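Below is one structure, written out as structure tokens; comments come after it.
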Amino acid sequence: VQLQAFGGVLVQPGGSLRLSCAASGIIFSTYTMRWYRQAPGKQREWVAFIVRGGTTNVADSVKGRFTISRDNAKNTVYLQMNSLKPEDTAAYYCNAYKLGDDYWGQGTQVTVSS
């Protein structure tokens, strides 16, 4: 199983970015996909999820700014991030979950700074 996250870069405050996470080795459409993030010196925190049926939810800290989506044909989950703030700076990780299975990808670094 591989989860390959990419798209993290340095971006200015107020900017936008889209992260992608491509999955292989799993039946992607059957998994809940989640994004987490971890800032230096802080615990990893949940950011967003999308279930196999398409229902989504995002953390209060990013509500109205971040959107999660998935393309089952491409085995890919996305995180659209708008109105970025310095406090969004973190390594972002994707996760594939269903009962009995829990897979993590490597992080992609997002830095929000002027």
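Computed from label points 7 Å out along Cα-Cβ, the spacing between Arg44 and Val1 is 1.2 nm.
Here Lys42 is the anchor, and the aspartates and glutamates within straight C-alpha reach of less than 20 Å, apart from those fewer than 8 places off in the same chain, are Asp60, Glu87, Asp88.
Stokes-Einstein diffusion for the stretch 1-91, with the hydrodynamic radius set to the Kirkwood value over Cα pairs and evaluated at 25 °C in a medium of 0.890 mPa s, equals 180 µm²/s.
Near Ser61, within a Cβ-to-Cβ distance under 13 Å, what is the net charge of the other residues, with Lys and Arg +1 and Asp and Glu -1?
Every neighbour counted, the sum reads +1.
In whole Å, how far is the Cα centre of the stretch 14-29 from that of the stretch 70-99? So the two Cα centres are separated by 6 Å.
Probe of 1.4 angstrom, ligands and nucleic acids ignored: what's the accessible area per residue over the chain, in square angstrom?
On the way: 5970 Å² over 114 residues.
I get 52 Å² per residue for this part.
Pairwise inverse Cα distances across the stretch 1-45, averaged and inverted, put the Kirkwood hydrodynamic radius at 12.9 Å. Just checking the listed ones, Lys42, Lys85, Lys63: in the Gaussian network model of the chain with Cα springs under 10 Å, the one fluctuating most is Lys42. For the chain, what % of the accessible area comes from carbon and sulfur atoms, probe 1.4 Å? Heavy-atom surface of the chain belonging to carbon and sulfur, 1.4 Å probe: 48 percent.
The values are calculated or read from the model by the stated rules, or taken from the named source; none is laboratory data. This one's a predicted model, so the numbers in the text were calculated from it and none came from an experiment. Virtual Cβ from ideal backbone geometry, glycine too; neighbours counted across all protein chains shown. Calculation scope for accessible area: heavy atoms of the full protein, side chains included, ligands and nucleic acids excluded. Shrake-Rupley method; radii C 1.70, N 1.55, O 1.52, S 1.80 Å.
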